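Coordinate-derived values only; no laboratory data. Everything numeric in this text was worked out from a predicted model, so none of it was measured. So basically every Cβ, Gly included, is an ideal-geometry build from the backbone, and we count neighbours across all protein chains shown.
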Amino acid sequence: MLKKLYKHEFHSLMRSLLPIWAALLGFAVLSRLSFLLDFDNDILNTLKVLSVTAYVMGIFAVFIVGLVIVVMRFYKNLLTHEGYLTFTLPFTPTQHIICKLICGVVVIIIDFIIVFCSLLILGAGTEVLGEIFNDIQIALNTLPQYLSAGQISLISLEIGVLLMLSPFQSLLMFYAAMAIGQQFKNKVGGAAIAYICLYAAVQIISMLMMALGSLVSLSSMDEINELINHSVTYFSVFMLFMIVFSAALSAVYFVITRHFLSKKLNLE
């Protein structure tokens, strides 16, 4: 039964997002073809510029519209009149939140893949693409001269985990704000205020922790006097801190969302 919930959620999201992804890839192909042809006609040159402009706008649309669709899907399906039907299904609020979250994160990952593929199409057969891959290869070959294999593996793993946590944290922050906002008479306004408050609180906590981290680093430097030789270790510790901080925020946002959807749901 739970499989049907995910299938329905993915189907609803893909129905809206597939045309946007297809349009971006189409504009990428059109832009690439326009670069292959040398136009002397002013009208054709104008169309060339328009195709490139449409491609750039398409990249923004993929990320922005994709996020809006995911967030609005959560809002309409759980916090509006649709919620009366949604919560009659044999699923708990927790299962609904997790379903929306996983499907939303998958959409964000696909957004990046689609944009990356469009960039490959746009740069296919050009020296620019070759130079980029060549620079990446040089960087990868140079790293072992400065870092050990263990350090490279650890930092790569930490960066990967942090990148994976980022979309979860971002979506859960939106979900928590909307869950809080539905307690107000003006739900949209309440959600906006809640989001601003959550964002401000996170920034304040981040600045305080950064300040504390700076004091610890200065203290360590006074004791060790070789901060530069320990930069990789400090960076690794900092990344680990960011992972724990991001995971903690995600957990807090999830608890807030589940609490309001389970105990204080207001669909009026």
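So here's what we get for this one:
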read-out: Where N is the number of residues in the stretch 1-121, Cα Rg divided by 2.2 N^0.38 Å; value: 1.39
read-out: Entries of 4/187; 76/263; 3/187; 7/187; 7/264; 7/185 with Cα pairs more than 26 Å apart; value: 4/187; 3/187; 7/187; 7/264; 7/185
read-out: Inter-site label distance for residue 117 and residue 247 at 7 Å from Cα along Cβ, in nm; value: 3.2
read-out: Using θ = phi - 60° and Karplus 6.51 cos²θ - 1.76 cosθ + 1.60, couplings along the stretch 151-158 (whole Hz; Gly, Pro as x); value: 5, 4, 5, 5, 5, 4, 5, 5
